[in-house]
Amino acid sequence: MTNIKSKLAEGWIHCSFIVEMMGKPAEHLQGTLKTYIEKLKADKKIVFIQEDYAKPEPVEKSTLFTTFVEIEVLMKDLTKVIEFNFDFMPSSVEIIEPTQLVLKNEAMNGLLNDLQARLHKVDMVLKNQSQENNILKKNSSLLVQNSILLSLKTGPKELKELTILTKIPENELKKFLDVLIKAKKLKFSAKKYSLA
């Protein structure tokens with residue numbers, strides 16, 4: 001058993017975290033969470049005091065399950081606590097002891113630079129995702145428009161007929177039809193759409 005007082009005297013930090021996980025099936029989820037914690041135990045800068053696993057619970061209106069583990073640990077220093085938060089994103093963090101923490105400016109500089117690097121990385125990922133999302137939207141819009149135009153090659157059709165052919169709900173399809181009419185690629189008369 002680890003002597004908490006002696007570790008605290010050496011500058012270690014006594015913490016409690018809740019780490020959550022979601023997935024399926026329940027047995028796999030539970031096993032994955034335990035494997036995840038076992039890997040953490042190999043870290044020499046973390047000493048486990050105890051861990052308490054919750055039983056997986058089904059997520060409402062879903063086929064997924066959620067579970068969590070509450071861990072009580074000693075961490076080598078504040079840098080390790082902050083790294084753990086970045087890397088494992090626990091849903092709850094509590095520093096039990098010491099009640100007051102002192103951080104030297106060189107350690108704070110390192111933490112702030114690490115934080116900035118991570119924020120820049122997240123920003124880059126979000127910008128890339130946004131760009132990819134815009135390209136996907138544009139391409140899917142073109143696919144829908146082409147599907148409509150191909151459906152009308154055989155002659156004029158009502159909205160219900162186009163809905164059946166394109167498999168797109170009427171309210172969504174109407175938006176695309178309006179765009180195509182505005183672009184003068186389609187005409188609408190006598191409740192039917194036709195190529196312009």
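Note on the stretch 55-107: residues that are farther than 21 Å from Ile4 by Cβ, touching a residue at least 40 places away in the same chain (Cβ under 8 Å) and either assigned to a strand (DSSP E or B) or of a type in the set (D, E, K, R) (or both) total 4.
Filtering the stretch 28-54 to residues that are part of a helix (DSSP H, G or I) and not small (Gly, Ala, Ser) leaves His28, Leu29, Gln30, Thr32, Leu33, Lys34, Thr35, Tyr36, Ile37, Glu38, Lys39, Leu40. The set of residues from the stretch 64-91 being at pLDDT below 90 and more than 17 Å from Val47 (Cβ to Cβ) comprises Ile82, Asn85, Phe86, Asp87, Met89.
Residues that are surrounded by 11 or more Cβ atoms within 10 Å (Cβ to Cβ), of a type in the set (Gly, Ala, Ser) and under 28 Å from the mean Cα position of the chain (by Cα) within the stretch 99-119 comprise just one, Gly110. When each of Leu112, Leu101 is tested for being closer than 24 Å to His14 by Cβ and at pLDDT below 90, the lone residue that passes is Leu101.
The values are calculated or read from the model by the stated rules, or taken from the named source; none is laboratory data. Predicted model, so just to flag it, every value in this text is computed and none were measured. Every residue, glycine among them, receives a Cβ derived from its backbone with ideal geometry; neighbour counts consider all protein chains shown.
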